[in-house]
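The values are calculated or read from the model by the stated rules, or taken from the named source; none is laboratory data. None of these values were measured; they are calculated from a predicted model. Here Cβ is always computed from backbone atoms with ideal geometry, including for glycine, and neighbour counts include all displayed protein chains. These accessible areas exclude ligands, DNA and RNA; they are computed on the full protein's heavy atoms, side chains included. Shrake-Rupley method; radii C 1.70, N 1.55, O 1.52, S 1.80 Å.
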Amino acid sequence: MNQAKRINLSIIFFSFIILIISFFYNYNYSFFLLIPSFLILLITSLPILISNEHNVFSPLCYLIYFIFLNLFLRNIYIIYDFPSKSYVDGIFLLYESKDLLIKPVLLTLTGFIFFTLGYLFYSYKPFLINKKPVIWNSKKLNLLSFVLSFISFISLIKFVISSKVNLLLVTLQAFSNYRGVSEDLSDYNANGFLRVLIQLSTIVFYINYVRFKKSQNKTFSNKFYLIFSFLISLLFFFFIQSRSGVVFLFINCFLINYYLNFNKFSYKKLLVLFAVVVLFFSFMTSLRGGSGFDLKDAVQDSLFSVLDPLVANNGGIDTSKTAHIMNYVDKHNDFKYGSGYLFIFSSFIPRAIWPNKPVNIDTEVGMKVYNATSYGTGAVPPGLIAESYWNFGYLGILIIPFIVGIFTRRLHNYFKIINNDNNKILLYVVCFIGIPYSCFGSSITSALIGLIYLLVPLYLSLKYISKI
């Protein structure tokens, strides 16, 4: 049995054991919430179980791991009021009954059924692989690293200055906070252009990481740009309170190693990665104002409590926010009829030019559904199911996931074999592997915008330094 199938079967078996045990403690919600969650996991895993897939981190496998974390385990937390009843009532239920989640979880199951059908509908057609090795020009790589690092560093300084933070007096909690917060839309400025320029450092980091791993002789310039770009990226993500930005620096390095080693990885290193991700995620959550989580108390209480921030949040694939968004849409008859996807085009217009530019759908959900009062904080990504319903009603829950399933299979086909191509490894890991999950956990709009901001500079950079 190949590794991908073995891991997916292990997740399914483990989930089934939890499901059976849960029946003895809470039959009703185990039946109405946990069985659909388990079926989502099982149905989405079906293409892996009936194939000879060897890639543990194919786009579909990658999505399945987050379904287990965001959907199945999170519903366990909701059913049994972890980490506390007040937390579940306030964050997930908004003080409604848990019965509110039954319809959304069934609609989510329907969406994933059509996603899987779309995945299976698009047959496997391997793309031609360029067998000629791609070599990076060292001089061009050093020049690129210098220019992009310089731009990102200067942009970071300007971003910090624009945030009006006194670095000599600021506390750790105040240093790591939301930026660009405003009560008035016309005064709201997230400094999106500066953020894009700062994140050029991540491109420098990943390219130099591949160079470092594959070079026999590690040069000083390679080590310098590797460390310098990593520190810029880490400081930036920490400064804006982007927990996902920090943890994915480590996750992506692990994935790059996996493909550089021809689809082989150590379970010990995977365990170390998991510990690092949990530690950073929990630490940054403890710094968030109003999070109610204290890392020190969690460690003293139970090591399992450290996992709470990773599971007990409404980011990613979450049925509770789907429920609240659907209730809002039905109550106000606020269907978008496809207009929700137009932000993809308007997002590239700076707010300095268009002060009253509409906000993205995440901010709209936060303000309309969760009653956030400030722009720049309180944004809640709707997820694919809620976004599809908001745009096209029940029909959207059938059609949009089906299209995303076809796209996921096409991604799988194109990146089926990438081990002999550094450029393809970087493009796949940094830009494409997480697109299906981003669609289901955030929104198609956010996923495509994020893809463009990463793909364009990375592709141009690789094009510049590569030679056949």
Highest mean packing first, using Cβ neighbours within 10 angstrom, the peptides 204-214, 378-388 sort as 378-388, 204-214
Suppose every K and R has +1 on its Cβ and every D and E has -1 on its Cβ; what is the size of the dipole of the stretch 183-262 about the Cα centre, in Debye to the nearest 20?
720 debye
Before I look further, what does the chain give for accessible area per residue, probe 1.4 Å, in whole square angstrom?
47 Å²
Can you tell me the order of 314-320, 397-403 when each peptide is scored by its average per-residue count of other Cβ atoms within 10 angstrom, highest first?
314-320, 397-403
Charge dipole (debye, nearest 20) of the stretch 42-153; +1 at Cβ of Lys and Arg, -1 at Cβ of Asp and Glu:
740 debye
Can you sort F432, F280 by solvent-accessible area, 1.4 Å probe, largest first?
F280, F432
Take the alpha carbon atoms of the stretch 20-81, find their center, do the same for the stretch 250-284, and report the distance between the two centers in whole angstrom.
22 Å
Convex hull over the alpha-carbon atoms of the stretch 331-468: what's its volume per residue in Å³?
127 Å³
Using +1 on the beta carbon of Lys and Arg, -1 on that of Asp and Glu, and nothing else charged, what's the dipole of the chain about the Cα centre, debye to 20?
2340 debye
After finding the eigenvalues of the alpha carbon gyration tensor for the stretch 395-468, what semi-axes result from the square roots of 5 times each, listed largest first in whole Å?
26, 15, 8
Tell me, what is the Rg over Rh of the stretch 34-164, with Rh the Kirkwood radius over Cα pairs?
1.18
Return the subset of K158/K336; K158/K214; K140/K213; K5/K223; K269/K467; K103/K296 for which the Cα-Cα distance in this structure is over 27 Å, preserving the input order.
K158/K336; K158/K214; K5/K223; K269/K467; K103/K296
Would you kindly derive the ³J(HN,Hα) couplings of the stretch 315-320 from the backbone phi angles with the Karplus curve 6.51 cos²θ - 1.76 cosθ + 1.60 (θ = phi - 60°), listing them in order in whole Hz, with x for Gly and Pro?
x, x, 7, 9, 7, 5
